[in-house]
1. At 0.36 nm per residue, minus the direct Cα-Cα distance, what do residue 27 and residue 59 gain on full extension? Give it in nm, one decimal, please.
2. Counting alpha carbon pairs within less than 8 Å and at least 6 residues apart, what relative contact order, in whole percent, applies to the range 7-76?
3. Let me see the P(r) profile for the range 7-76: every Cα-Cα distance counted, bins of 10 Å, each bin given as a percent of all pairs.
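Laboratory data are not the source of any read-out in this text; all were calculated from the coordinates shown. This structure is a prediction, so every number in the text was calculated from the model and none was measured.
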């Protein structure tokens with residue numbers, strides 16, 4: 001069974017399957033991190049973003065969002081850390097490994 005749980009991605013950001021389908025959001029809100037990252041891409045300043053969200057997203061939260069940007073995929077739930085990492089196969093044949 002692949003049961004997903006709430007994951008704290010930092011002090012300001014979580015991923016909870018019960019909130020926005022598990023997409024990373026700012027704690028206590030339904031504001032998705034990808035939206036704030038898009039606002040930054042469009043040229044909004046950190047202060048403008050804080051004002052836009054009535055202080056529900058802080059400058060510290062914006063900083064944290066930038067720090068995890070490589071983990072955020074628009075409209076997708078958080079998949080975890082090192083999702084693409086694969087364990088290298090053993091160099092020794094299985095019979096010798098025992």
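1. Working: separation 32, 0.36 × 32 = 11.52 nm, distance 1.37 nm.
Here the segment from residue 27 to residue 59 would lengthen by 10.2 nm.
2. Details: 79 pairs, mean separation 21.1, N = 70.
Once normalised by length, the contact order is 30 percent.
3. For the range 7-76, the binned pair fractions read 23, 60, 17, 0 percent.
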